[in-house]
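First comes the structure, then the notes that go with it.
The values are calculated or read from the model by the stated rules, or taken from the named source; none is laboratory data. Remember, it's a predicted structure, so these values are computed and weren't measured experimentally. Every residue, glycine among them, receives a Cβ derived from its backbone with ideal geometry; neighbour counts consider all protein chains shown.
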Amino acid sequence: MTAILVAQLLAATAFAAVHLFSPRLAFLDKVPRSRLLSAAGGVSLAYVFVHLLPELAERQATAVTGAARLLRAETELFLVALAGLVVFYGLERLVARARGGKRPEDAPAPAAVFWIHIASFALYNALIGYLLVRREEAGWASLATYALAMALHFAVNDRGLFAHHGARHLAAGRWLLAGAVYLGLAAGLATSVPELALALLFAFLAGGIVLNVMKEELPEERESAFWALAAGAAGYAALLTAI
(Lines give C-alpha, C1' and ligand atoms only; values in the text may rest on other atoms or scores of the structure.)
Protein backbone atom coordinates (compact mmCIF):
# COMPACT_ATOMS: atom_id res chain seq x y z
CA MET A 1 0.00 0.00 0.00
CA THR A 2 1.51 3.30 -1.09
CA ALA A 3 1.79 6.37 1.11
CA ILE A 4 -0.58 8.37 -1.08
CA LEU A 5 -3.22 5.61 -0.85
CA VAL A 6 -2.93 5.60 2.93
CA ALA A 7 -3.43 9.38 2.90
CA GLN A 8 -6.50 9.02 0.68
CA LEU A 9 -7.97 6.42 3.03
CA LEU A 10 -7.31 8.68 6.01
CA ALA A 11 -8.99 11.58 4.22
CA ALA A 12 -12.04 9.42 3.43
CA THR A 13 -12.16 8.35 7.08
CA ALA A 14 -12.05 11.99 8.17
CA PHE A 15 -14.95 12.75 5.81
CA ALA A 16 -16.97 9.84 7.19
CA ALA A 17 -16.14 10.82 10.77
CA VAL A 18 -17.73 14.24 10.30
CA HIS A 19 -21.05 12.48 9.64
CA LEU A 20 -20.67 9.66 12.15
CA PHE A 21 -19.88 12.05 14.99
CA SER A 22 -22.79 14.26 14.02
CA PRO A 23 -24.41 14.15 17.49
CA ARG A 24 -21.25 15.69 18.95
CA LEU A 25 -21.56 18.63 16.56
CA ALA A 26 -24.88 19.77 18.04
CA PHE A 27 -23.08 22.67 19.78
CA LEU A 28 -22.84 24.28 16.32
CA ASP A 29 -26.64 24.49 16.01
CA LYS A 30 -27.34 27.90 17.46
CA VAL A 31 -28.52 31.38 16.56
CA PRO A 32 -26.65 33.52 15.71
CA ARG A 33 -24.99 31.02 13.39
CA SER A 34 -21.79 29.43 14.62
CA ARG A 35 -18.72 31.38 13.50
CA LEU A 36 -16.98 28.05 12.95
CA LEU A 37 -19.59 26.97 10.38
CA SER A 38 -19.43 30.32 8.62
CA ALA A 39 -15.63 30.13 8.47
CA ALA A 40 -15.85 26.55 7.16
CA GLY A 41 -18.20 27.76 4.43
CA GLY A 42 -15.70 30.46 3.52
CA VAL A 43 -12.95 27.86 3.17
CA SER A 44 -15.11 25.80 0.81
CA LEU A 45 -15.91 28.84 -1.33
CA ALA A 46 -12.25 29.81 -1.51
CA TYR A 47 -11.37 26.32 -2.71
CA VAL A 48 -13.95 26.56 -5.49
CA PHE A 49 -13.09 30.06 -6.73
CA VAL A 50 -9.33 30.11 -6.19
CA HIS A 51 -8.37 26.54 -6.99
CA LEU A 52 -11.13 24.55 -8.64
CA LEU A 53 -12.62 26.96 -11.18
CA PRO A 54 -9.24 28.24 -12.46
CA GLU A 55 -8.18 24.62 -13.02
CA LEU A 56 -11.42 23.99 -14.89
CA ALA A 57 -10.82 27.04 -17.07
CA GLU A 58 -7.35 25.80 -17.95
CA ARG A 59 -8.59 22.31 -18.65
CA GLN A 60 -11.48 23.73 -20.66
CA ALA A 61 -9.10 25.45 -23.04
CA THR A 62 -7.30 22.15 -23.62
CA ALA A 63 -10.55 20.25 -24.04
CA VAL A 64 -11.93 22.70 -26.58
CA THR A 65 -8.92 22.32 -28.85
CA GLY A 66 -8.43 18.60 -28.28
CA ALA A 67 -12.02 17.45 -28.16
CA ALA A 68 -14.05 20.03 -30.04
CA ARG A 69 -16.63 17.44 -31.00
CA LEU A 70 -17.49 17.05 -27.30
CA LEU A 71 -17.14 20.65 -26.20
CA ARG A 72 -18.86 22.78 -28.81
CA ALA A 73 -18.93 25.93 -26.69
CA GLU A 74 -16.36 27.48 -24.41
CA THR A 75 -18.92 27.74 -21.62
CA GLU A 76 -19.89 24.07 -21.49
CA LEU A 77 -17.99 23.15 -18.33
CA PHE A 78 -19.43 26.15 -16.56
CA LEU A 79 -22.91 25.12 -17.68
CA VAL A 80 -22.29 21.86 -15.82
CA ALA A 81 -21.26 23.88 -12.75
CA LEU A 82 -24.50 25.83 -13.11
CA ALA A 83 -26.37 22.52 -13.35
CA GLY A 84 -24.82 21.42 -10.05
CA LEU A 85 -25.98 24.62 -8.39
CA VAL A 86 -29.51 24.33 -9.82
CA VAL A 87 -29.88 20.65 -8.89
CA PHE A 88 -29.06 21.28 -5.24
CA TYR A 89 -31.22 24.39 -5.15
CA GLY A 90 -34.07 22.25 -6.45
CA LEU A 91 -33.48 19.72 -3.68
CA GLU A 92 -33.56 22.48 -1.08
CA ARG A 93 -36.84 23.81 -2.45
CA LEU A 94 -38.31 20.28 -2.51
CA VAL A 95 -37.61 19.85 1.19
CA ALA A 96 -38.88 23.32 2.08
CA ARG A 97 -42.14 22.86 0.17
CA ALA A 98 -42.68 19.42 1.70
CA ARG A 99 -42.66 21.09 5.13
CA GLY A 100 -45.27 23.62 4.00
CA GLY A 101 -43.17 26.60 5.04
CA LYS A 102 -42.89 25.43 8.66
CA ARG A 103 -39.63 25.23 10.59
CA PRO A 104 -37.80 21.87 10.43
CA GLU A 105 -38.29 21.20 14.15
CA ASP A 106 -42.04 21.80 13.81
CA ALA A 107 -42.62 19.85 10.59
CA PRO A 108 -39.95 17.33 9.54
CA ALA A 109 -39.92 16.49 5.85
CA PRO A 110 -41.92 13.38 4.83
CA ALA A 111 -40.03 10.09 4.68
CA ALA A 112 -40.06 9.99 0.86
CA VAL A 113 -38.51 13.46 0.67
CA PHE A 114 -35.93 12.47 3.27
CA TRP A 115 -34.80 9.50 1.19
CA ILE A 116 -34.63 11.57 -2.00
CA HIS A 117 -32.59 14.20 -0.18
CA ILE A 118 -30.21 11.71 1.45
CA ALA A 119 -29.79 9.69 -1.76
CA SER A 120 -28.82 12.87 -3.61
CA PHE A 121 -26.27 13.81 -0.97
CA ALA A 122 -24.99 10.24 -0.91
CA LEU A 123 -24.20 10.58 -4.62
CA TYR A 124 -22.60 13.96 -3.87
CA ASN A 125 -20.46 12.36 -1.13
CA ALA A 126 -19.53 9.48 -3.43
CA LEU A 127 -18.38 11.99 -6.04
CA ILE A 128 -16.21 13.73 -3.45
CA GLY A 129 -14.78 10.36 -2.41
CA TYR A 130 -14.12 9.46 -6.05
CA LEU A 131 -12.28 12.71 -6.63
CA LEU A 132 -9.99 11.96 -3.69
CA VAL A 133 -8.33 9.53 -6.07
CA ARG A 134 -9.09 11.09 -9.45
CA ARG A 135 -8.31 14.72 -8.83
CA GLU A 136 -7.16 16.78 -11.79
CA GLU A 137 -3.93 17.73 -10.02
CA ALA A 138 -1.92 15.00 -8.31
CA GLY A 139 0.42 15.43 -5.36
CA TRP A 140 0.39 15.89 -1.61
CA ALA A 141 -0.48 19.59 -1.61
CA SER A 142 -3.49 19.03 -3.86
CA LEU A 143 -4.71 16.16 -1.69
CA ALA A 144 -4.27 18.11 1.55
CA THR A 145 -6.06 21.26 0.37
CA TYR A 146 -8.90 19.21 -1.16
CA ALA A 147 -9.29 17.05 1.96
CA LEU A 148 -9.38 20.00 4.35
CA ALA A 149 -11.84 22.00 2.26
CA MET A 150 -14.18 19.03 1.81
CA ALA A 151 -14.04 17.95 5.45
CA LEU A 152 -15.13 21.43 6.51
CA HIS A 153 -17.74 21.43 3.76
CA PHE A 154 -19.16 18.16 5.11
CA ALA A 155 -19.52 19.79 8.52
CA VAL A 156 -21.61 22.56 6.95
CA ASN A 157 -23.72 20.06 4.99
CA ASP A 158 -24.24 17.79 7.96
CA ARG A 159 -25.71 20.50 10.17
CA GLY A 160 -28.03 21.54 7.34
CA LEU A 161 -29.25 17.98 6.86
CA PHE A 162 -29.75 17.53 10.60
CA ALA A 163 -31.79 20.75 10.71
CA HIS A 164 -34.03 19.39 7.95
CA HIS A 165 -34.41 15.80 9.09
CA GLY A 166 -33.43 15.55 12.76
CA ALA A 167 -33.74 12.04 14.17
CA ARG A 168 -33.98 10.43 10.71
CA HIS A 169 -30.60 11.89 9.81
CA LEU A 170 -29.03 10.58 13.02
CA ALA A 171 -30.60 7.14 12.66
CA ALA A 172 -29.92 6.49 8.99
CA GLY A 173 -28.82 9.49 6.98
CA ARG A 174 -25.40 10.04 8.51
CA TRP A 175 -24.47 6.36 8.12
CA LEU A 176 -25.41 6.35 4.45
CA LEU A 177 -23.45 9.52 3.81
CA ALA A 178 -20.38 8.14 5.57
CA GLY A 179 -20.57 4.88 3.58
CA ALA A 180 -21.00 6.78 0.31
CA VAL A 181 -17.58 8.40 0.76
CA TYR A 182 -15.92 4.97 0.88
CA LEU A 183 -17.93 3.75 -2.11
CA GLY A 184 -16.71 6.74 -4.09
CA LEU A 185 -13.13 6.12 -3.01
CA ALA A 186 -13.39 2.46 -4.03
CA ALA A 187 -14.81 3.45 -7.42
CA GLY A 188 -11.92 5.87 -7.90
CA LEU A 189 -9.39 3.15 -7.15
CA ALA A 190 -11.10 0.62 -9.43
CA THR A 191 -12.06 2.77 -12.41
CA SER A 192 -10.74 5.62 -14.50
CA VAL A 193 -12.75 8.07 -16.59
CA PRO A 194 -11.58 10.22 -19.52
CA GLU A 195 -10.02 13.57 -18.68
CA LEU A 196 -12.97 15.48 -20.07
CA ALA A 197 -15.47 13.51 -17.96
CA LEU A 198 -13.32 14.19 -14.89
CA ALA A 199 -13.47 17.92 -15.59
CA LEU A 200 -17.27 17.70 -15.88
CA LEU A 201 -17.48 15.92 -12.52
CA PHE A 202 -15.41 18.64 -10.90
CA ALA A 203 -17.58 21.30 -12.54
CA PHE A 204 -20.77 19.76 -11.14
CA LEU A 205 -19.14 19.53 -7.71
CA ALA A 206 -18.15 23.21 -7.86
CA GLY A 207 -21.73 24.29 -8.48
CA GLY A 208 -23.03 22.07 -5.70
CA ILE A 209 -20.51 23.41 -3.19
CA VAL A 210 -21.40 27.04 -3.91
CA LEU A 211 -25.12 26.41 -3.45
CA ASN A 212 -24.76 24.22 -0.37
CA VAL A 213 -22.62 26.84 1.36
CA MET A 214 -24.73 29.86 0.48
CA LYS A 215 -28.08 28.28 1.32
CA GLU A 216 -26.85 27.90 4.90
CA GLU A 217 -25.48 31.44 5.13
CA LEU A 218 -28.14 33.56 3.44
CA PRO A 219 -31.37 33.06 5.47
CA GLU A 220 -31.75 36.20 7.59
CA GLU A 221 -33.02 34.30 10.63
CA ARG A 222 -29.70 32.44 10.89
CA GLU A 223 -27.88 35.69 11.73
CA SER A 224 -24.83 34.41 9.87
CA ALA A 225 -21.39 35.77 10.59
CA PHE A 226 -20.20 37.58 7.48
CA TRP A 227 -16.79 38.37 8.92
CA ALA A 228 -16.20 34.74 9.89
CA LEU A 229 -17.06 33.59 6.36
CA ALA A 230 -14.89 36.34 4.86
CA ALA A 231 -11.97 35.45 7.14
CA GLY A 232 -12.26 31.76 6.26
CA ALA A 233 -12.38 32.57 2.55
CA ALA A 234 -9.50 35.05 2.68
CA GLY A 235 -7.29 32.83 4.81
CA TYR A 236 -7.76 29.76 2.65
CA ALA A 237 -7.40 31.77 -0.54
CA ALA A 238 -4.06 33.05 0.74
CA LEU A 239 -2.99 29.49 1.54
CA LEU A 240 -3.99 28.21 -1.90
CA THR A 241 -2.15 30.96 -3.73
CA ALA A 242 0.96 30.41 -1.60
CA ILE A 243 1.41 26.70 -2.35
Name the residues in region 1-33 that are hydrophobic (A, V, I, L, M, F, W, C) and more than 26 Å from residue 132 (Cα to Cα), would you?
26, 27, 28, 31
When residues of region 185-243 are filtered for being touching a Pro at 6+ places or on another chain (Cβ under 7 Å), loosely packed, with under 15 Cβ neighbours inside 10 Å and among the small types (Gly, Ala, Ser), how many remain?
0
Can you confirm whether residue 161 is among the aliphatic types (A, V, I, L, M), under 21 Å from residue 214 (Cα atoms) and in contact with a Lys or Arg (Cβ under 9 Å, 6 or more places away or on another chain)?
yes
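One line per residue, one yes/no per condition, for (1) surrounded by 15 or more Cβ atoms within 10 Å (Cβ to Cβ); (2) modelled with pLDDT of 90 or more; (3) among the charged types (D, E, K, R); (4) in contact with a His (Cβ under 7 Å, 6 or more places away or on another chain):
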residue	(1), (2), (3), (4)
1	no, no, no, no
16	yes, yes, no, no
26	no, no, no, no
29	no, no, yes, no
32	no, no, no, no
37	yes, no, no, no
43	yes, yes, no, no
Regarding region 188-207, can at least one residue be identified that is aliphatic (A, V, I, L, M) and farther than 25 Å from residue 76 by Cβ?
yes
Can you confirm whether residue 192 is without any contact (Cβ under 8 Å) to a residue 24 or more places away in the chain and not acidic (Asp, Glu)?
no
For region 123-145, which positions are crowded, with 20+ Cβ neighbours inside 10 Å and either over 13 Å from residue 188 (Cα atoms) or without any contact (Cβ under 8 Å) to a residue 40 or more places away in the chain (or both)?
124, 145
I'd like the full set of residues that are outside any helix (DSSP H, G or I), touching a residue at least 60 places away in the same chain (Cβ under 8 Å) and of a type outside the set (Lys, Arg), limited to region 1-33.
29, 31, 32
Report, by residue number, each residue of region 50-79 that is in contact with a helix residue (DSSP H, G or I) (Cβ under 8 Å, 6 or more places away or on another chain), closer than 19 Å to residue 153 by Cβ and at pLDDT 75 or above.
50, 51, 52, 53, 55
